[in-house]
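Taking it in order: structure first as structure tokens, then the write-up.
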Amino acid sequence: MKMSRLFSLLLICFVVLAPEYVATFSPIPCFYTCCQDSSLYLSRDFDADSSLDNGVHSRRSILAASAGVVASSLLPFHGSAEAAGPVSPGEADGLGPRVERFLRKKPQQTLRQKLDLKFAVLLMRSSYNALDQIDVVPMDQFQRDFFLIRQAEYQPYLNNFGPGMVSQGDLTDPNYFDFISFAQYATISRAIHKSPSKMFVEQQPENYDPSDDKPTVFVKRVVQRTLPDDQLEIEHDRLVGKAILDRLDETFGSTPGGLPKFEDLFVRPSSAALLRSFQQLVKLFLVNGYAWDGDVVISSQQPLEFCFSLTTPCTLWSGQALQQRGASPNNGFVLKAATEYAREAGYQVPRSRLKYEGNVEKAFLTLL
């Protein structure tokens, strides 16, 4: 038995580290260059017409199932007795991450709609801003970590596609958005769950003015978190969901396509009324190119449960890859928005989950 496990481990090491599989890495740039690369679509003042990510990354295919037992011990660790330090190049592209990429399901090369640029930016920016608001990591460190993770992941991901099938830096391209959303949420999950700091020092701009050509001055400030650890993921999901709903209301609220508002605080909408609202929510996501098709049904009356089905969403691969690595929160944006909408309508949300069947994402939302 020991010899069998040793042979499996040696097999993994040989395949992962074989010269023909080793990625070519560009030198890691200084923090300033890294921030320039990341902050284009992460900052609150992002211009939707700006050019995007110029990072370089890495990725593989599936390994034989016989290696699963050994490889599972090498996957990223999501707990620590100490506060999470910055991601190192080894953590981003060491043996464990390379084995994880071999075990990961390959992205499907399927027809998907282009995303609306402003909506894609909303999804990325709201996820970044939510992490900033819950105060778990210095955001200058997060930008460095995000850069290293996507640098390590990009080329192996790209290797699954033919020439020209991924438009690097183009958030309207569902293949690229799928990748960059994975990298973002892998970094967010690490920040939230790897013993997040309760107090830290962060570099913050002191005199930032987008209309001023003067260089921004950064100063060190102490940030202290009040939110308990067990509320971090919940609050991040809530903030992202609320940001999406606010933008949809701003864009469609005065039109017949806007989401219904339930203004009576003492009367909750019926399950049928909520179903119609959820169906409209999915339509608004579809209008913005989030998925090819989608629908919502009541999958259970006791307890009340809704099932959201999305065909070839722009997070089809990343959602599954994040599940495999045990990352949470996930990037199920429809579920985040629906959860916050249900709470605003007066419902409690005891649980929710995502599952994938072929090219369909199914999100289940249980309400009380």
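Restricting attention to the range 290-322, report how many residues are in a strand (DSSP E or B) and among the small types (Gly, Ala, Ser).
Taking the range 290-322 as the starting set, the residues that turn out to be in a strand (DSSP E or B) are 293-300, 304-311.
Within this subset, residues satisfying the condition of being among the small types (Gly, Ala, Ser) are 294, 299-300, 309.
Total meeting the criteria: 4.
Residue-by-condition table, conditions (1) within 16 Å of the chain's Cα centre (by Cα); (2) closer than 30 Å to Asp116 by Cα:
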site: Phe146; (1), (2): yes, yes
site: Ile149; (1), (2): yes, yes
site: Gly162; (1), (2): no, yes
site: Ser195; (1), (2): no, no
site: Glu206; (1), (2): no, no
site: Asp209; (1), (2): no, yes
site: Leu232; (1), (2): yes, yes
Quiz item: For the range 239-261, which residues satisfy the criterion of being touching a helix residue (DSSP H, G or I) at 6+ places or on another chain (Cβ under 8 Å) and surrounded by 15 or more Cβ atoms within 10 Å (Cβ to Cβ)?
Solution: Leu239, Val240, Gly241, Lys242, Ala243, Ile244, Leu245, Arg247, Leu248, Phe252, Gly258, Leu259
Quiz prompt | Filter result for Lys194 (under 23 Å from Asp140 (Cβ atoms) and open to solvent by less than 60 Å² (accessible area, probe 1.4 Å)) | solution = yes
Practice problem: Just need a number here: residues in the range 323-344 that are in a helix (DSSP H, G or I), open to solvent by 10 Å² or more (accessible area, probe 1.4 Å) and hydrophobic (A, V, I, L, M, F, W, C). | Solution: 1
Exercise. Filter the range 262-281 for residues that are open to solvent by 50 Å² or more (accessible area, probe 1.4 Å) and either in contact with a helix residue (DSSP H, G or I) (Cβ under 6 Å, 6 or more places away or on another chain) or of a type outside the set (D, E, K, R) (or both) and give the result.
Key: Phe262, Leu265, Phe266, Val267, Ser270, Gln279
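Out of curiosity, is Ala363 outside any loop (DSSP other than H, G, I, E, B) and over 19 Å from Ser270 (Cβ atoms)?
Values: outside any loop (DSSP other than H, G, I, E, B): yes; over 19 Å from Ser270 (Cβ atoms): yes.
Answer is yes for this residue.
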Quiz item: Of the conditions (1) out of contact with any Lys or Arg (no Cβ under 9 Å at 6 or more places or on another chain); (2) buried (at least 24 other Cβ atoms within 10 Å of the Cβ); (3) among the charged types (D, E, K, R), Glu153 fails just one. Which one is it?
Solution: (1)
Self-check item: Subset of the range 215-238 that is open to solvent by less than 30 Å² (accessible area, probe 1.4 Å) and modelled with pLDDT of 95 or more - its residue that is nearest to Ala338 (Cα to Cα)
Solution: His236
Quiz item: So which residues in the range 114-153 are part of a helix (DSSP H, G or I), farther than 24 Å from Asn175 by Cα and in contact with a Pro (Cβ under 8 Å, 6 or more places away or on another chain)?
Solution: Gln141
Quiz item: Restricting the search to the range 302-320, which residues are surrounded by fewer than 24 Cβ atoms within 10 Å (Cβ to Cβ) and small (Gly, Ala, Ser)?
Solution: Ser309
Exercise. Output the qualifying pairs, or none if there are none: Cβ atoms under 8 angstrom, residues six or more apart or on different chains, first residue in the range 117-129 and farther than 16 Å from Asp237 by Cβ and touching a residue at least 12 places away in the same chain (Cβ under 8 Å), second residue open to solvent by less than 10 Å² (accessible area, probe 1.4 Å) and part of a helix (DSSP H, G or I).
Key: Ala120/Phe177
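Within the range 157-172, is there a residue that is assigned to a helix (DSSP H, G or I), open to solvent by less than 10 Å² (accessible area, probe 1.4 Å), in contact (Cβ under 8 Å) with a residue 60 or more places away in the chain and touching a Phe, Trp or Tyr at 6+ places or on another chain (Cβ under 8 Å)? Walk me through it before giving the result.
First pass over the range 157-172, keeping only residues assigned to a helix (DSSP H, G or I): 157-158.
Next, from what is left, pick out any that are open to solvent by less than 10 Å² (accessible area, probe 1.4 Å): 157.
Next cut, in contact (Cβ under 8 Å) with a residue 60 or more places away in the chain only: 157.
Still in the list and also touching a Phe, Trp or Tyr at 6+ places or on another chain (Cβ under 8 Å): 157.
Checked the range 157-172: at least one residue is assigned to a helix (DSSP H, G or I), open to solvent by less than 10 Å² (accessible area, probe 1.4 Å), in contact (Cβ under 8 Å) with a residue 60 or more places away in the chain and touching a Phe, Trp or Tyr at 6+ places or on another chain (Cβ under 8 Å).
The values are calculated or read from the model by the stated rules, or taken from the named source; none is laboratory data. Quick caveat: nothing in here was measured; it's all calculated off a predicted structure. Note: ideal-geometry Cβ built from the backbone for every residue, glycine included; neighbour counts use all protein chains shown. When the accessible area is computed, the model is the full protein with side chains, heavy atoms only, and any ligands, DNA or RNA have been set aside. Shrake-Rupley method; radii C 1.70, N 1.55, O 1.52, S 1.80 Å.
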